[in-house]
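Working notes for the structure below.
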Amino acid sequence: MSDQSWIEDFRHAIRTHEELEAFFEKSFPKTNYPIFIPKNMAEKIKLFGVDSALGLQFLPHEGENTDAGRLDPIGDKVHSQGSGIIHRYQNRVLFAPTPICPIACRYCFRKNELSERDEMFNQNFELAKTYLKENSDINEVIFTGGDPFILANEKLAGYIQDFSEIESIKYIRFHTRTPVILPSRIDEGLIDIMTSAKHLFKRAMIMVHINHPMELTGDVEAVLSMFVEAGIEVYSQTVLLKGVNDKTETLAELFTMLSDLKVKPYYLHHPDQAKGAMHFWMTLEEGRRIVHPLHDRLSGWALPQYVIDVPGGEGKISAVNPETFAFSGTLLNRKGAPVNFPLT
Ligand code: SF4
């Protein structure tokens with residue numbers, strides 16, 4: 001898998017409206033958000049169709065041009081400490097070493113921050129390390145972005161080594177879409193880095209972002225298996241998206257396929273109210289009607305936690321609670337107070 005074809009995929013990515021329309025021989029609405037589709041994924045979209053679950057996730061849509069939604073739906077900026085650190089929860093931080101992604105997802109909750117190359121990503125790594133050393137309650141660093149696996153192996157290895165030298169950091173986690181979008185990026189060097197991370201920390205985990213069974217093509221399955229066979233813990237996170245994966249059947253198939261690959265379905269995120277992505281949004285009641293029947297279809301170990309990020313930065317809470325299988329009702333935040341925003 002060290003064929004380096006991902007560099008060609010990247011180099012020949014579709015980046016302009018004109019290139020997009022020429023490649024798909026179809027017109028698309030213009031939006032204020034960047035276009036970026038690597039060649040390999042563009043070919044897959046062509047194969048499955050522009051109206052497929054792949055096309056809907058990565059091709060521009062007129063729904064991006066409405067004013068509805070929030071620029072910072074989950075309150076990243078509220079909790080940004082600068083230098084790529086976002087500290088929302090007591091025991092863990094997000095670390096965003098790059099705003100670069102392997103693709104531009106149209107539903108992305110960070111699409112307004114990434115498109116502006118927000119100051120949140122401006123880094124001074126020494127300051128980031130100092131922050132972690134001065135806050136010894138923090139025991140986990142979660143790499144996010146952008147996408148950490150888009151970084152060169154040497155850069156990634158350097159970050160991991162430096163974090164391992166901070167005594168209080170016991171766990172390390174990588175949120176990534178790269179294995180799905182640019183599978184050929186997953187080379188032996190990266191597997192070696194993750195294997196050694198396993199020994200530098202109590203736990204080292206990869207959280208692969210995947211939304212639809214259509215994304216699990218043979219090349220993607222092969223790289224996920226490479227991680228698993230190397231003894232690396234691999235989990236998945238999925239965003240519930242209107243029009244893409246909003247069927248119980250589709251989600252059951254996805255979580256079964258992941259489980260068969262020994263990838264643990266971890267989170268199913270209710271869609272965030274992001275500006276430019278509201279056409280993917282649905283009410284909590286709609287989401288619950290899709291998700292609750294999964295309890296009858298999947299064993300507990302194959303079922304991800306269905307969660308919602310409270311707008312404004314209060315963090316994740318269960319989207320199922322408090323009345324377990326009630327289709328509506330009041331949600332409670334992490335402090336037990338009612339959440340005050342429209343869900344239905
Ligand atoms: S890879 Fe992740 S961060 Fe990047 S655009 Fe897609 S959803 Fe957003």
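The values are calculated or read from the model by the stated rules, or taken from the named source; none is laboratory data. All values reported here derive from a predicted model rather than from experimental measurement. Heads up, the Cβs are rebuilt from the backbone with ideal geometry, glycines too, and the neighbour counts pull from every protein chain shown. We work out accessible area using only protein heavy atoms, side chains counted, and drop any ligands, DNA or RNA first. Shrake-Rupley method; radii C 1.70, N 1.55, O 1.52, S 1.80 Å.
For Ser196, are the conditions met, namely being in contact (Cβ under 8 Å) with a residue 60 or more places away in the chain and either within 16 Å of the ligand (Cβ to nearest atom) or in a helix (DSSP H, G or I) (or both)?
no
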Which residue pairs have Cβ atoms under 9 Å apart, sit 6 or more places apart or on different chains, and have a first residue in the stretch 278-299 that is without any contact (Cβ under 8 Å) to a residue 24 or more places away in the chain and a second that is part of a helix (DSSP H, G or I) and open to solvent by 20 Å² or more (accessible area, probe 1.4 Å)?
Ser299/Ser259
Just for helices (runs of 4 or more DSSP H) wholly inside the stretch 26-139: which have at least 1 residues that are surrounded by fewer than 20 Cβ atoms within 10 Å (Cβ to Cβ) and of a type in the set (S, T, N, Q)?
111-115, 125-134
Cβ pairs under 8 Å, 6+ apart or interchain, first in the stretch 170-182 and more than 15 Å from Phe227 (Cα to Cα) and part of a strand (DSSP E or B), second modelled with pLDDT under 95 and open to solvent by 10 Å² or more (accessible area, probe 1.4 Å), ordered by first then second residue, are none
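Looking at Asp72, Asp51, which is the one that is modelled with pLDDT of 95 or more, out of contact with any strand residue (DSSP E or B) (no Cβ under 6 Å at 6 or more places or on another chain) and not β-branched (Val, Ile, Thr)?
Exactly one residue qualifies, and that residue is Asp51.
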Those residues that are basic (Lys, Arg), open to solvent by 10 Å² or more (accessible area, probe 1.4 Å) and within 16 Å of the ligand (Cβ to nearest atom), I need them from the stretch 155-193; list them, please.
Arg173, Arg177
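Residues Cys101, Cys108: which one is at pLDDT 90 or above, in contact with a strand residue (DSSP E or B) (Cβ under 9 Å, 6 or more places away or on another chain) and within 16 Å of the ligand (Cβ to nearest atom)?
Cys108
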What number of residues within the stretch 245-263 satisfy the criterion of being charged (D, E, K, R) and touching a strand residue (DSSP E or B) at 6+ places or on another chain (Cβ under 7 Å)?
0
Looking only at the stretch 1-41, how many residues end up being of a type outside the set (D, E, K, R) and over 24 Å from Leu224 (Cα atoms)?
16
